[in-house]
1. Under a GNM of the chain (C-alpha, springs under 10 Å), which listed residue has the highest mean-square fluctuation: H300, H40, H319?
2. Under a point-charge model restricted to the Cβ atoms of Lys and Arg (+1) and Asp and Glu (-1), what is the dipole moment magnitude of segment 9-288 relative to its Cα centre, in debye to the nearest 20?
3. To the nearest 500 deg cm²/dmol, what mean residue ellipticity at 222 nm is calculated for the chain from DSSP H runs of n ≥ 4 alone, each contributing -39,500 (n - 2.57), summed and divided by the residues?
4. Nearest 10 degrees is fine. How inclined is helix 130-146 to the longest principal axis of the chain, computing both from alpha carbons?
5. Just tell me which lysines come within less than 25 Å, Cα to Cα, of K116; anything on the same chain fewer than 8 places away is out.
6. What is the set of long-range amide H partners of N127 at a cut-off below 5 Å, with H atoms built 1.01 Å from backbone N?
7. I'd like the orientation of helix 313-326 relative to the chain: the angle between its Cα long axis and the longest Cα principal axis, in ° from 0 to 90, rounded to 10.
8. Measure nothing fancy, just the Cα-based angle from helix 96-108's long axis to the longest principal axis of the chain, in degrees from 0 to 90, nearest 10.
Amino acid sequence: MLLTAIFVHSAQVQAAPQSHKAPTGDFAALSAQAEQASEHDRLDDAIALYRKALALKPAWSEGWWSLGTIQYDRNAFKDAAAAFRHAAALEPKKGSPRVMLGLCEFELGDDDAALKHIEDGKQLGLNPDPQFQEVMLYHEGVLLSRKGRFNAAGEVFSQLSKSGVQSEELILALGMTALQIRPKDLPVEGAPGREVVRLAGQAEALVATGKFDEARQAYSRLVSDYPDYLNIHYAHGRLLLQLGDVDDAVAAFQQEIKNSPQSVPARLQIAAARYLANSAEGLPYAQEAVKLAPQLPFAHYLYGLLLLDTGDFQQAIPHLELAVKGLKGEPGIYFALGRAYARAGRKQEAARARATFVRLKQQAGASKSTNADGEQPSLPSPDRASEGLAPPH
């Protein structure tokens with residue numbers, strides 16, 4: 001199945017927003033003629049008739065949807081975007097028009113707007129047609145990959161794989177996200193690196209479908225056959241972490257650092273894996289991550305946590321304060337900062353940080369911000385925190 005094409009006409013009844021009060025007179029005749037022309041694939045006539053009907057009744061949201069789907073299928077993406085923009089404005093609580101607007105913007109090269117509208121549409125709720133969902137997810141994943149948000153993209157592509165989608169382009173997309181390669185940097189067909197991407201994608205498809213033993217074997221072959229390929233050990237380490245093999249995962253991340261000395265994500269993974277279990281061991285990796293990526297709030301957060309856990313609360317405070325500026329909605333950072341302030345005797349600041357922690361925890365839900373003992377906050381994944389930091393290929 002080719003994911004770069006979209007199926008809309010047979011899903012039109014399900015996906016189209018509900019029309020407003022039934023009109024009368026010329027509009028009624030024009031709208032009926034437009035729908036009939038569309039059903040009989042007289043698309044030029046349908047477009048003209050929809051435009052005439054919409055000129056009489058601009059609030060006809062279903063007409064804008066139908067006009068947009070026809071123009072999208074004819075690759076008239078600019079006109080389709082205009083139509084879906086009208087439909088979205090008329091039906092602000094419906095997600096499908098926004099997603100279609102985003103798909104048009106994808107084709108027009110406006111990646112920022114495309115991703116925003118697709119993500120907004122997902123939040124509002126969508127047409128349940130499986131192919132509509134697949135096309136939306138694939139394009140969302142591509143957009144995330146283009147921005148270097150590889151882990152978020154990988155989650156989207158894994159969702160497609162888990163749902164049963166099988167295609168060469170999805171396998172390559174999974175491989176690119178695992179190896180942190182932007183789509184524009186995909187090795188050309190026939191190049192040695194292309195096969196590495198494909199094999200990594202196949203391994204990730206096994207992970208997505210819960211075939212972990214096979215995935216482990218696939219990655220073992222990969223790192224054996226291509227030990228110097230950029231991010232191959234990083235991808236392997238992430239799988240090992242998922243399987244609970246922390247020591248082997250750390251060894252894989254250490255090998256990635258040998259291959260790529262500037263790798264911030266690998267250092268963050270090691271530091272996070274060692275936090276609380278052996279914070280002293282993780283500390284130098286967090287310190288190196290801060291030096292390599294001083295602009296990254298999560299690196300300061302993790303370094304501050306490790307400093308605090310190893311007893312150096314005075315040094316922890318400035319790093320946690322820096323992290324707060326970029327992670328204002330993360331409850332755990334205020335918990336850590338409150339502990340550091342308290343140990344430094346800064347009681348009022350400790351109380352404010354603790355109050356902020358409690359408020360954010362209540363907003364997010366306790367299960368999302370604390371561990372099993374209900375007190376010490378869980379550490380956010382370094383995957384999310386290090387998005388976009390992969391070295392260039």
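Read-outs: derived from the displayed coordinates by stated rules, not from any lab. This one's a predicted model, so the numbers in the text were calculated from it and none came from an experiment. Note: ideal-geometry Cβ built from the backbone for every residue, glycine included; neighbour counts use all protein chains shown.
1. Maximum among the listed residues: H40.
2. It comes to approximately 600 debye.
3. -22000 deg cm²/dmol
4. Roughly 50 degrees between the two axes.
5. K78, K93, K94, K147, K162, K184, K325, K328, K368
6. Distant-sequence amide H within range of N127: S96.
7. 10 degrees
8. Here the helix axis deviates by roughly 80 degrees.
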